[in-house]
1. Which percent, to the nearest 5, of DSSP beta bridges fully inside region 6-144 are antiparallel?
2. So, by mean Cβ neighbours within 10 angstrom, what's the order for 78-85, 138-145 with the highest one leading?
3. Using a 10 angstrom cutoff on alpha carbons, build the Gaussian network for the chain and name the most mobile of 104, 20, 134.
4. Please give the calculated 222 nm ellipticity per residue for the chain, where each DSSP H segment of at least 4 residues contributes -39500 (n - 2.57) and the sum is spread over every residue; nearest 500 deg cm²/dmol?
5. How much length would be gained if the chain were fully extended between residue 42 and residue 14, taking 0.36 nm per residue of separation minus their Cα-Cα distance, in nm to one decimal?
6. Take residue 49 and residue 144, extend 7 Å from each Cα along the Cα→Cβ direction, and tell me the distance between the two endpoints in nm.
7. So if I restrict to the alpha-carbon atoms in the chain, what is the Rg, and what is Dmax, the biggest pairwise distance, in Å?
8. How much length, in nm to one decimal, is gained on full extension between residue 119 and residue 81, taken as 0.36 nm per residue of separation minus their Cα-Cα distance?
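Laboratory data are not the source of any read-out in this text; all were calculated from the coordinates shown. Since the model is a prediction, treat every value here as computed from it, not as a measurement. As a convention, Cβ positions derive from the backbone with ideal geometry for all residues, glycine included, and neighbour counts pool all protein chains shown.
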């Protein structure tokens with residue numbers, strides 16, 4: 001029997017340094033909750049393939065697998081399964097319209113401070129920002145040293 005897991009994350013625009021988040025209204029429409037894109041695995045799928053598929057299904061964007069990066073993974077008690085968190089670099093920043101009762105928005109990491117997330121999603125975004133910042137610092141250092 002295949003044990004399902006969850007894969008989630010966000011797109012990261014290299015040009016604008018913003019992330020793509022999903023905005024939903026609570027049941028009474030008075031509170032806006034922000035989240036990352038995510039979904040359950042299918043039989044035989046690895047975590048990166050799950051994230052790739054979910055992004056394509058939800059926002060109809062076909063990511064380049066070479067530009068999908070792991071952030072971290074953990075056991076998510078609310079889902080009762082492991083959650084693998086990713087980000088995907090995109091050069092072009094696609095625009096999105098609302099769909100269903102949800103809205104997709106590009107936001108900077110600085111703007112995320114003002115947004116309402118679940119505690120775990122907030123942690124995913126914070127850790128994601130740290131991973132992206134580290135990757136960019138390493139790339140800058142390598143360029144300065146002539147390695148790239």
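1. Values: 25 of 34 bridges.
If I count the DSSP bridges inside region 6-144, around 75 percent turn out antiparallel.
2. In descending order of packing, they fall as 78-85, 138-145.
3. The residue that fluctuates most here is 134.
4. Numbers: 3 runs with 43 residues, N = 148.
Rounded to the nearest 500, it is -9500 deg cm²/dmol.
5. Fully extending the segment from residue 42 to residue 14 adds 7.1 nm.
6. 4.1
7. Calculated on Cα positions, Rg and Dmax stand at 15.8, 56 Å.
8. Full-extension gain reported as 12.0 nm.
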